[in-house]
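The values are calculated or read from the model by the stated rules, or taken from the named source; none is laboratory data. Computed from a predicted model, the values in this text were never measured in an experiment. Cβ sites come from the backbone with ideal geometry, for glycine too, and all protein chains shown count toward neighbours.
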Amino acid sequence: MEIKTADYLISNADQAQCPAPDRAEFAFIGRSNVGKSSLINMLCRNNKLAKTSASPGKTQLINHFQVVSSTGAKSSTPWYLVDLPGYGYAKISQSDRRRWEQMIENYLRKRPNLTQVFVLVDARHKPQKIDLAFLSQLDKWGIPFSVVFTKTDKEKPTVVERNVQAFFDALRETWQFLPRHFVTSSEKKLGREAVLDFIADCLGQFQAPAKK
């Protein structure tokens, strides 16, 4: 699959104000400073699409991007890419943190066209409780998701492999089936084709929700 166009559409703090759910939607989320914006830009081949920042907590709203892709001779397919605020950012007030959490939960649980959530995990670190807890919450809510390991170029391959293995070992303690995962590097464009091929498969199976 190739991305033909990718453009910023709208930002808001209320899922009820999101664009019409008439096409497939893929959301990206992870701990603050996990490399989410860089991954989105790498997938879309547009370094100015999602705003990157050295300061965690920069994304504070539900950000929709309008994407048009094509697969081989297939005609263009429009879909939404969503950049969600990071979780686990400590340098905000309790009230702001709860507001963010509620905003994210409402979006994840009420967005009818949400096709897949890509949960980003920093491959440089051992399993973090907050990541494992977030996956468990998504599973409890019945929301389809995949794990995307990021920043693999910033650590030795053996360390990355060990951390990925440890992450799934931690999941195996309570999970019967493990989620799909991707190993990526925004710097080296690693994992781009695999993620986009999976999105293409999801697009081929998507059916728009019935209008109320």
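Residues are listed down the side, and each one gets a yes or a no for (1) at pLDDT below 90; (2) among the β-branched types (Val, Ile, Thr):
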| residue | (1), (2) |
| --- | --- |
| GLN66 | no, no |
| TRP79 | no, no |
| ARG97 | yes, no |
| GLU101 | yes, no |
| ASN106 | no, no |
| ARG109 | no, no |
| THR115 | no, yes |
| ALA123 | no, no |
Among the numbered criteria (1) within 20 Å of ALA208 (Cα to Cα); (2) in contact with a helix residue (DSSP H, G or I) (Cβ under 7 Å, 6 or more places away or on another chain), which single criterion is violated by PRO112?
(2)
Top-ranked residue of region 188-197 - restricted to ones that are free of Cβ contacts under 8 Å to residues at least 40 places away in the same chain and not in a helix (DSSP H, G or I), ranked as surrounded by the fewest Cβ atoms within 10 Å (Cβ to Cβ):
LYS188
Could you list, in sequence order, all residues of region 179-207 that are at pLDDT below 95 and closer than 19 Å to ILE130 by Cα?
none
Subset tally (residues that are hydroxyl-bearing (Ser, Thr, Tyr), within 17 Å of ARG45 (Cα to Cα) and out of contact with any Ser or Thr (no Cβ under 6 Å at 6 or more places or on another chain)) for region 66-86:
2
Selected residue [over 19 Å from PHE118 (Cα atoms), surrounded by 12 or more Cβ atoms within 10 Å (Cβ to Cβ) and not acidic (Asp, Glu)] from ALA208, ALA200:
ALA208
Please verify whether ASP169 is modelled with pLDDT of 95 or more, surrounded by fewer than 18 Cβ atoms within 10 Å (Cβ to Cβ) and over 29 Å from ASP22 (Cβ atoms), treating the condition exactly as stated.
yes
Taking the conditions exactly as written (modelled with pLDDT under 95, farther than 23 Å from LEU190 by Cβ and in contact with a strand residue (DSSP E or B) (Cβ under 7 Å, 6 or more places away or on another chain)), does LEU61 satisfy them or not?
yes
Quick one: what pairs do we get from region 30-46, first residue buried (at least 23 other Cβ atoms within 10 Å of the Cβ) and part of a strand (DSSP E or B), second among the aliphatic types (A, V, I, L, M) and at pLDDT below 95, C-beta under 9 Å, 6+ apart or different chains?
GLY30/LEU84
